[in-house]
């Protein structure tokens, strides 16, 4: 099986050679992808899904309370 | 860039020298091993795959967790071999489609899921996604400790010892300061998920009935009912959940996978899918012996499955089953708490890598450990309604999945994020179809909860 190297076997130059530019921690800290905007339809979809999740969680909570109370 | 050319043994220095961290150095070592393996002679493909496998197998075996295996156990005990065998296989195929997109997203962007959501969609939607993740993760962690306590309880281990011991295991595995060590240790633990296979074989399954089930999606004793619907949702929640997205994407990034590794990543996911599906189906087959012998399984809880199985699979089979439940919980505690820590680290812009030593990324390790500790403490509270948490945790996962899937689909279709690696039409059709299916199942569950007389009890 291939062996992994030791940390002292690799210097900074080698790190830069082996990793893609945007794999470096410093690159990820300094470069951020821009914010994208949503169309009204996508906004409505996201809000609809949010309402769906909240409603279903309330339903589950009611169901659990009902079941526990009925024990 | 060609990795062979980036091997320091082959090529010289780069033009500039940005800050290099401990994390970068460890990740580069992993990539060096991959580059060397790619240049090796015979068995090259196997060597490369051995180095690149991990996140896919781990995410699927991690999702074969205590509540999932208990859902499968309840399924087999209540419905026997029939509709649910091919259904579980289908749910895993859904899982494969979703996790393939996740793996690709991580390999292309080198950024975690939470980080991408916050970057592209802003903190408003980002915190909603985090809320779903953290609620689901915490409840799931509680159920993992229930599984650990139940599995070891079969052997007479006191709850405090089993729960505290598991937290220590999480601490030891997580703080090695090296992603590679963490991954291989967790994979080794996850291999014990296979214990459900000999347990199934010891139940002397009827192979003809298994073959018939896969070909006919039947029988389904009792037809559509409330309890059947709950188990159906739980079995779906046992294969597609939000934590899997956050975990796999972050671990792909931590492992250092690149677009060149996408093929190996797919194979990793496929193997994970098939292994997890096989072990889940084995669990259903093992407990179907209870159904065959008319044992009422409705009131069975975690450890009681192993106990109830003794007359049908013997002490060895029951022991394997109990150990499997313990393993399922243990591996999931490690992976789920790690997914919470990754997500928090990405959002708070603190160190979030298993390649960082604890002194460099203490908030990351503090979240990883504290999420386990709080869940463990809840399990130790006397008379806590733990059985309800087990029942609903997979259901909550199904309900929280559609918004997570929509974010995933938006990201993998985003040309700014994915470039040439963005989704094709088939991936979108399958991904969109899965989202619609999950919403429909959730709404159906909601309607039958409000109007239970619409279907049987």
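Where a number appears in this text, it was derived from the coordinates with a stated rule and is not lab data. Please read these numbers as outputs of a predicted model, since none were measured by experiment. Note that each Cβ is placed from the backbone with ideal geometry, even for glycine, and that neighbours are counted across all protein chains shown.
Placing dummy labels 7 Å off each Cα toward the beta-carbon, the span from residue B:187 to residue A:27 is 2.5 nm.
The helix-only estimate of mean residue ellipticity at 222 nm for chain B, built from DSSP H runs of length n ≥ 4 each weighted as -39500 (n - 2.57), is -25500 deg cm²/dmol after division by the residue total.
Per residue of peptide B:271-283, the mean number of Cβ atoms on other chains within 10 Å of the residue Cβ is 0. As I understand it, the value is the acute angle between the Cα axis of helix B:84-109 and the longest principal axis of the Cα atoms of chain B; what does it come to in degrees, rounded to 10? Approximately 10 degrees, to the nearest ten.
Taking each residue as 0.36 nm, the span from residue B:416 to residue B:316 lengthens on full extension beyond its C-alpha to C-alpha distance by 30.5 nm.
Take every pair of alpha-carbon atoms less than 8 Å apart whose residues are at least six positions apart; their mean separation over the length of chain B yields a relative contact order of 33 percent.
Would you mind checking the range B:393-420 for residues with the amide N under 15 Å from a putative spin-label position 7 Å along Cα→C-beta of residue B:436? Those under the cut-off are B:406.
The C-alpha atoms of chain B define a longest principal axis, and helix B:242-255 lies at about 30 degrees to it. Relative contact order for the range B:117-253: 23 percent, from Cα pairs under 8 Å spaced at least 6 residues apart, divided by residue count. Relative to the longest principal axis of the Cα atoms of chain B, the long axis of helix B:159-174 makes an angle of roughly 20 degrees. Computed from the C-beta positions of residue B:429 and residue B:172, the FRET efficiency with R₀ = 41 Å rounds to 0.40. Would you mind giving the mean number of other chain beta-carbons within 10 Å of the Cβ of each residue in B:115-123, as a whole number? Shielding by partners across B:115-123 averages 3. Spatial offset of the range B:222-300 relative to the range B:142-220 amounts to 12 Å, using the alpha carbon center of each. Considering chain B at the alpha-carbon level, its Rg and Dmax are found to be 21.8, 73 Å. The mean sequence distance of close C-alpha pairs (under 8 Å, at least 6 residues apart), as a share of the length of the range B:81-188, puts its relative contact order at 10 percent. By the compact-protein rule of thumb, 2.2 N^0.38 Å, the alpha-carbon radius of gyration of the protein assembly as shown corresponds to a ratio of 0.96.
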